[in-house]
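J.: Starting off with a structure, shown below.
The values are calculated or read from the model by the stated rules, or taken from the named source; none is laboratory data. If you're wondering where the values come from, they're calculated on a predicted model, not measured in any experiment. Note that we place each Cβ from the backbone using ideal geometry, even for glycine, and neighbour counts take in every protein chain shown. When the accessible area is computed, the model is the full protein with side chains, heavy atoms only, and any ligands, DNA or RNA have been set aside. Shrake-Rupley method; radii C 1.70, N 1.55, O 1.52, S 1.80 Å.
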Amino acid sequence: MFRMVCNRLCPGEEKRVGTRTVYVGRQPASETDSYIAPKFCDNRIVSSKYTVWNFIPKNLFEQFRRIANFYFLIIFLVQAIVDTPTSPVTSGLPLFFVITVTAIKQGYEDWLRHRADREVNKSTVYVIENSKCVKKESEKIKVGDIVEVRDDETFPCDLILLSSSCDDGACTATTASLDGESNFKTYYAVRETAALCTEEAFDTLSATIECEQPQPDLYKFVGVMNTYTNQDMKPSSLGPENLLLKGATLKNTKKIYGVAVYTGMETKMALNYQGKSQKRSAVEKSINAFLIVYLCILLSKASICTALKYLWQNNPANDEPWYNLKTRKEKESFKLLKMFTDFLSFMVLFNFIIPVSMYVTVEMQKFLGSFFIAWDKEMYDSEIKEGALVNTSDLNEELGQVEYVFTDKTGTLTENTMEFIECCIDGYKYNDSMENMTVTDGPAFFGKATKDREELFLRALCLCHTVEMKKEECQTDGPAGSTENNGSYISSSPDEIALVNGAKKYGFTYMGNENDYMRVKNQRNEMEIFQRLHVLNFDPVRRRMSVLVKSNTGDIFLFCKGADSSMFDRVAPGEIERIKVHVEQNALDGYRTLCVAFKKLNQEEFDKIDKQLNEAKLALTDRETKLAKAFDDIETDMRLLGATAVEDRLQEQAAETIEALHAAGMKVWVLTGDKLETAKSTCYSCRLFQNNTELLELTTRNLENYDRKEERLQELLLEYHRRLVQDAPKIKSGIKRSWSESQEYGLIIDGSTLSLILSSNSNASHFKNIFLEICQKCTAVLCCRMAPLQKAQIVKMVKNSKGNPITLSVGDGANDVSMILEAHVGIGIKGREGRQAARNSDYAVPKFKHLRKLLLVHGHLYYVRIAHLVQYFFYKNLCFILPQFLYQFFCGFSQQPLYDAAYLTMYNICFTSMPILAYSLLEQHINTETLNSNPKLYMRISDNAMLQWLPFLYWTLLGAFQGLLFFFGVYLLFQNPSLDGNGQVFGNWSFGSIVFTTLVFTVTLKLALDTRYWTWLNHLVIWGSLAFYVIFSIFWGGIIWPFLKQQRMYFVFSHMLTSVSVWLAIILLILSSLYPEIVLIIIKNIKSANSKKLQFQLPVLVSYKNVENGYLSGFKTLEYKSSTLLLNSKLCE
C-alpha cells in the first residue's frame, strides 16, 4: 500500500519491483484452475485537481500559502477584531477580488480538465465477452478484457496486441500524443494468437500474461505470454513492439484485438502525466526583494507613529480632554496591550503601501501577453501551418535575460529531411548510379567494386531497417497487395527511408514485408525473398542495428549498419582504412555517415544465436542486459562493405540567427549526438565558428595515444586555463558580456571526455570548475557525441555556476527533453522528430530562425514592460501612503485616515490599475523592426538591469518627493481654511480629497509621459480612468447612502470643485510633480538631437547599459527620448 501511494505521488519513479499476472479474457488458464479476479485499478482517468466538495477549502488553502495573500488576510482579521481607523472592507475587498479572480481562473482550468476526463472515460469501446462484441464505456474496461479497436481510433488502455486484420498480424500506429513522434510505428501480434481474427475464436483462448508492474518509460516493457493448449504451456516473449499504448492512434489497419494489461491511472500515459517543475523568473525574485524593503518601511512607519503617539500623550495638554478624563489606574492597566493594538492599527492604516493587486496585474499581464507571441504572423510557418505556442506564460520576461543558449543540431539547426547523397563500396565512391563512378577519396585510382560486393551492399540497405510499406487497407483474407505495390515507405526514422530510397536509385527496390518475408526487386527486375529471422534493434548505447535474414537459397546473413565509431572495432582491420577516408571526408562535408557490414552464418552458428536471443527475450528480469550481451556477442567478426552519406540541410536563416544571438551578447553552445567532424562542419556552416576562431579540443582523439588519459586531460585543462584565464588581459569588473580578442576561442568536447571531467574522483570538482571557466571564456562551444543525460548535465553545470546566468535550451526531439526541462527557459522546435520537445517546453516555435524574434523583440519588450509595471506599482503606492503617514503628525497620531474608505479600496482596483495593465501589454519603447535589426539593444537590459537597486531607489525617491509635494502643497493651501467666496470652511475630508485627486491625476499622467506607443486602447484607459474617478467621486458624494453609518463624504467633492483656489492648487501641484521629468526629457532630446550618434534610451526607471563598439561599460540611468527620436533612431546602429 505504501509503495502504491509513493507511485501515485512520484509518477516519474521507474524502479518498480515485482510482476503482475493477467488472465486473458478474465477466465482461468485451465479448467482445473479457479479464477479469482485480481485487484487492479479501473480504467478511469483523473487529471482534475478539485471536486465540487473540496474546491473552496482546497483552493483557499493553496492561495493563502502565498505570503502576500496570507499577509493581507492577517490585516483583514486585525481590522475585523481590533478597533482600527479603517473599515475591514478597505483591505477585505481587494483581497476578495484577488482571491476570486484567481479562484475563477483555476476553477475554469480544472473544469476543462474534468470535461476532458469525462469525454475520455465515457467514450465508447468494444469488448469481447462470451464470443460477442459488447459496447461499453471506456472507464468500465478491466485488466484482462479483450478489446477491439478500429482504424483511426485511440487505444483506450495499454494493450498487448493479439491479432490484427493484416495477414502478418502487424499494425501501425502513431504515438504523437505520447512522445510527439508523428511517424508511423509498427507493432506485432503475439505469434500464437495472430490467427485469432474473430470474436468466436477468442472463446477458445486460454492464456496468461506475466509482466512487470506499471512504470512510466514509454519504450520499455518486459513480459511473457503463456498459451495453454491441451494442458501444454507455450511461452512467448513480449516487448515494446507488442504493447499498444493508451493515447496512441491506430492507423492503416482495419481493426485489431488486444488484451488490457494496464488500465486507468496505471497506464504509461497516466504515469507520464506530471506537471513540470515550477520555474521562477528573475523578476519574481526582484519583486520579493522589493516587498521586503517596503515591508520594512511599513514596520518603520507603524513603529514611529506608535512611539510618537505615546510621546505626544505624555504631555497632559495633549491627553484626554477634561470631560473624558481617565484615572491613572485606567491609563496604566493593559498599557502594553494598548501599545500593541495601536501598532496594529497603524499597520492597517499604512498597509496599502504593499500592492496586493500587483500580483493579479502581473498574472494578467503574463497571461494576456502570451497571446501576442501566439498571434505573431512572422512566427507562423506555412509549411506545417502552425505558429508559435506558449506553454508557460510565467517566463515571458525571462526571454529578455538569456545569457546562454544551448541548442541541438539535427532538426534544430538542420531541417532533418534526409537526402541520400552518395555511398562508398570497398573504397569506391558512387554518386548517381552504378554506371557513374568517381575517383576514390583515398589513393588516386579509378575503378569500381565487384558486382557481387555492389549487390551485397545494396541488399544490406534494402534489408537492414524497420521500414514498412504504407498500405491502403489491410484485409483479413487474401494477400495484402500485389508485388508491384508502389505505396510509400513509412518508418520512425527518416534516415532509414533515405537509405532505402538510395538503394532504389541504384536499382534495388524494397517491396515490403509480409509475415516476416521481405521482398526486394533487384536490378534485373527479379524478385528476391528473404525471411527475416531476428531484428537487433538500434539503441543509442551501441549505436548499431542488425537483422538476421535467410535467402531463398538457404543462406543466412547478418547485415549491420551503424556509426563508424561503433563498427570499426568489429570488422576486419584491413578493410577499415579504405572506408575510413571516405567517411571522414563526408563528415567534413557535413554529411551524416553510416557504415555497413555483413557476416555469413552457417546453420550451427545460427542455431546457437537463435537460442541465445530467445532466452534473452523470454527473461522477465534483466532482459535488456541479457539482450545487450547477446547483441554484443553476435555483432562481431563482420566484413565491412562500405558506407553511406546522407545530407541534412541547414535550416533557413539558421546562420543569421546565431550571428544575431552572438551580437546580442549571448553565448551559443551546440549539444549533439553526432560525430565530431559532421558537427564541426555544421558549426562552420551556421557561423557558430568563424574562420578566425581558434579551436581548442578536449576529445578522445587528444587522449587516445596516452596510457593515463585522465592525467593528459588534466594537463590540457590546465594549459587551456592558463591561456584563456590566467594570461588573458583583465576585463573591467562587473561586465559579463564583453567580447575581447582573448575570447576569440571555440571549444570542442565529446561525451567520453566530458564523463572523465564529471567523474566522481577527488579532483573532479576542481577540474570541473577549471573546465567551466574555460567554457565561459569561449565565444562558442561544441559538445558532440552527447547522450541526453549529458546534455542536461552541461546545462545544469552552467546554470548553477557563479552569477547564476539565465540559460535557454532549444531542441526538437525526445532526446532534448532533459535539457529543455533543466534550463531556465525551454524552447521546443516543432520538427520532424515529433512533438515531445514542444510539449515539454515553455515555448514552441516552428523553426530555429523564429528564436531571433522571440528573444530580441518579444523578450526585450516583455522584460521592459513588466519591469516598468513592478516599479510603477511600488511608486504609486508610496505616493498614496506617504501623505497618510505625514497626516498623523498633524492629527495627534490619532490614526485618523486621510482618505475616505471608498478611495482606499478602489485606488489600486479601479482608479490606477487599467492604465498600467494596458501599458504593460502594448508599450513599444523601440519599434519591433529596430529591435530585430539591432541585436546589441538586447544587451542593455541584460543582468536584470531595470530591476536593480539603483532604478528602484530612483522610483522610491520619486514617490517620496511627489508624496511630500502633494501633502505640503495642500497644507499650504489650507493655511487659509476659507477657500470659498462665502467664507465656508473646508474640513479634513476636503483636505484628503484634494490630496487624492492630485495623486490620481499625477500618477496617471506620469504613465502617459512614459508611454511611447499610443493606441486607442491606451487613450481609452488613461483618460477613461481619470474620467471614471471624477464621475465616481461626484456620484459617491452626491447621494446619501442608506448602508453607511456616516455620510462624511456627502457633497464634499462637488463642493471642492466650486473653489477656484482648489482648481489652481491641483493644476500647480500636478505640474510641479511632473516638472522635473518634463525638463529632463526636453534636455535629453535637445542634447541627443545635436549629437551625431543617436543612442536608444529608456525612461528613468531603466538602468540601460551603454554599449560602445560592442563592448559593455558600466550602468547608467537614462531617460526617454522623444517619439520622433525613437522613430528616427532605427536608421543608426
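J.: Using each residue's phi in segment 155-171, evaluate 6.51 cos²θ - 1.76 cosθ + 1.60 at θ = phi - 60° and report the 3J(HN,Hα) Karplus result to the nearest Hz, with x for Gly and Pro.
T.: Using θ = phi - 60°, the values come out as 5, x, 7, 7, 10, 8, 5, 8, 6, 9, 6, 7, 4, 7, x, 9, 8 Hz.
J.: Tell me the relative contact order for segment 579-704 as a rounded percent, counting alpha carbon contacts under 8 Å between residues six or more apart.
T.: Rounded, it is 37 percent for segment 579-704.
J.: Rounded to the nearest 10 Å², what accessible area does residue 429 show when all protein chains are kept and the probe is 1.4 Å?
T.: Surface accessible to solvent at residue 429 totals approximately 40 Å².
J.: Something else: Quick query: amide H of residue 414 versus all other amide H atoms, modeled in the peptide plane; which residues come in under 5 Å with a sequence gap of 5 or more or a different chain?
T.: For residue 414, the qualifying residues are 651.
J.: To check my understanding: the extent here is largest minus smallest coordinate of the Cα atoms along each principal axis. What are those three numbers for segment 766-880, in Å, largest first?
T.: Largest first, segment 766-880 extends 59, 40, 22 Å along its Cα principal axes.
J.: Can you check how the C-alpha radius of gyration of segment 923-1035 compares to 2.2 N^0.38 Å, as a plain ratio?
T.: After normalising by residue count via 2.2 N^0.38 Å, the value is 1.51.
J.: Also, quick follow-up: From the backbone phi of segment 592-600, what are the Karplus-calculated ³J(HN,Hα) couplings (6.51 cos²θ - 1.76 cosθ + 1.60, θ = phi - 60°) in whole Hz, Gly and Pro given as x?
T.: Result, rounded to whole Hz: 8, 10, 9, 9, 10, 9, 8, 8, 9.
J.: Can you list the aspartates and glutamates whose alpha carbon is less than 16 Å from that of residue 335, not counting same-chain residues fewer than 8 positions off?
T.: Residue 335 reaches 83, 319, 320.
J.: Say the dipole of segment 744-802 comes from +1 at the beta carbon of Lys and Arg and -1 at that of Asp and Glu; which of 784, 747, 798 then lies farthest toward its positive end?
T.: Highest projection toward the positive end goes to 798.
J.: If you don't mind, another one. Can you give the local net charge around residue 308? Use residues other than it whose beta-carbon is closer than 13 angstrom to its beta-carbon, Lys and Arg +1, Asp and Glu -1.
T.: Summing Lys/Arg as +1 and Asp/Glu as -1 gives +1.
J.: Using θ = phi - 60° and the Karplus relation 6.51 cos²θ - 1.76 cosθ + 1.60, list the HN-Hα couplings for segment 398-406 in order, rounded to whole Hz, with x at every Gly or Pro.
T.: Computed from phi, the couplings for segment 398-406 are 5, 4, x, 10, 6, 10, 10, 10, 10 Hz.
J.: Quick check: net charge around residue 687, other residues with Cβ under 15 Å of its Cβ, Lys/Arg +1 and Asp/Glu -1?
T.: Counting the neighbours of residue 687, the net charge comes to +1.
J.: Determine the relative contact order of segment 531-597: mean sequence separation of Cα pairs under 8 Å and six or more apart, normalised by residue count, in whole percent.
T.: Over segment 531-597, the number comes to 26 percent.
J.: Checking the a/c ratio against 1.5 first, then a/b against b/c, what shape does the Cα gyration tensor give for segment 760-823?
T.: Prolate, because a/c is 1.5 or more and a/b exceeds b/c.
J.: Now for a separate question. What percent do you get for the relative contact order of segment 354-423 when only Cα pairs under 8 Å and 6+ apart count?
T.: Relative contact order, segment 354-423: 24 percent.
J.: Still on this structure: Report the local net charge at residue 510: Lys and Arg +1, Asp and Glu -1, summed over other residues whose C-beta lies under 9 Å from its C-beta.
T.: Every neighbour counted, the sum reads +3.
J.: What does the convex hull of the alpha-carbon atoms of segment 614-708 project to on average, in nm²?
T.: Answer in nm², one decimal: 12.0.
J.: I've got another one for you. Whose amide H sits under 5 Å from the amide H of residue 168, counting only residues 5 or more places off or on another chain, with H placed in the peptide plane?
T.: Distant-sequence amide H within range of residue 168: 515.
J.: Taking a ≥ b ≥ c as the square roots of the eigenvalues of the Cα gyration tensor of segment 621-663, is the shape rounded (a/c under 1.5), prolate (a/b larger than b/c) or oblate?
T.: Judged from the Cα gyration tensor, segment 621-663 comes out oblate (a/c at least 1.5, b/c at or above a/b).
J.: Now for a separate question. If amide hydrogens are placed 1.01 Å from N in the peptide plane, which non-local residues have theirs closer than 5 Å to the one on residue 695?
T.: Counting only residues 5 or more places away or on other chains, the set is 746.
J.: Hey, another quick one. So which of 667/768; 448/521; 451/617; 777/799; 409/796; 521/830 end up more than 27 Å apart by C-alpha?
T.: Listed pairs above 27 Å: 451/617; 521/830.
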